[in-house]
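Worksheet: the structure to be examined is printed underneath.
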């Protein structure tokens with residue numbers, strides 16, 4: 001591919017993910033990613049600050065989408081319902097790129113440094129969501145509890161979504177996870193006997 005062809009960012013993402021899977025994250029260089037994408041290292045650094053950012057560059061957009069969804073809800077929405085609505089609003093971002101999400105998660109799970117970075121990203125999302133709830137007048141600890149719970153629900157649903165073979169949507173899995181949470185909170189889950 002020539003350097004002047006469109007979608008440089010996408011080409012770099014695809015090249016990086018392929019190399020991370022083939023060689024491992026640690027053994028892949030920026031030069032190799034750029035070469036695989038048919039671009040220069042200089043072009044790589046126009047889009048990403050380092051090779052980790054290929055995996056985490058969408059965090060800002062996701063945070064904005066979640067926070068905006070919370071802000072757009074009617075004032076009567078309960079904090080936990082606000083979390084469910086926010087997560088549901090973000091599912092389209094993932095559904096469009098399921099294969100990418102599966103690949104990305106495999107790379108992250110294979111590297112402790114990337115797992116730590118993912119946890120930091122999730123903590124930042126929870127903090128931003130708690131702030132969005134506070135802006136709506138929700139006091140702490142309710143704002144923090146709802147936000148942390150929302151991120152936990154997302155994490156569980158996302159893990160199920162990328163490993164599912166029957167291809168239920170992420171939205172369906174988020175709703176199921178919130179229903180499970182409500183059942184746990186009300187004490188109505190069935191306990192397995194040992």
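The values are calculated or read from the model by the stated rules, or taken from the named source; none is laboratory data. Since this is a predicted model, take the numbers as computed values, not measurements. Cβ sites come from the backbone with ideal geometry, for glycine too, and all protein chains shown count toward neighbours.
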Response to the item:
Conditions (1) at pLDDT below 95; (2) out of contact with any helix residue (DSSP H, G or I) (no Cβ under 6 Å at 6 or more places or on another chain) -> residue 149 fails only (1)
Worksheet item: Of the residues 96, 148, 116, which is free of Cβ contacts under 8 Å to residues at least 40 places away in the same chain and crowded, with 17+ Cβ neighbours inside 10 Å?
Response: 148
Worksheet, complete the sentence: Of the listed residues (36, 11), the one being assigned to a helix (DSSP H, G or I), in contact (Cβ under 8 Å) with a residue 24 or more places away in the chain and touching a helix residue (DSSP H, G or I) at 6+ places or on another chain (Cβ under 7 Å) is 11
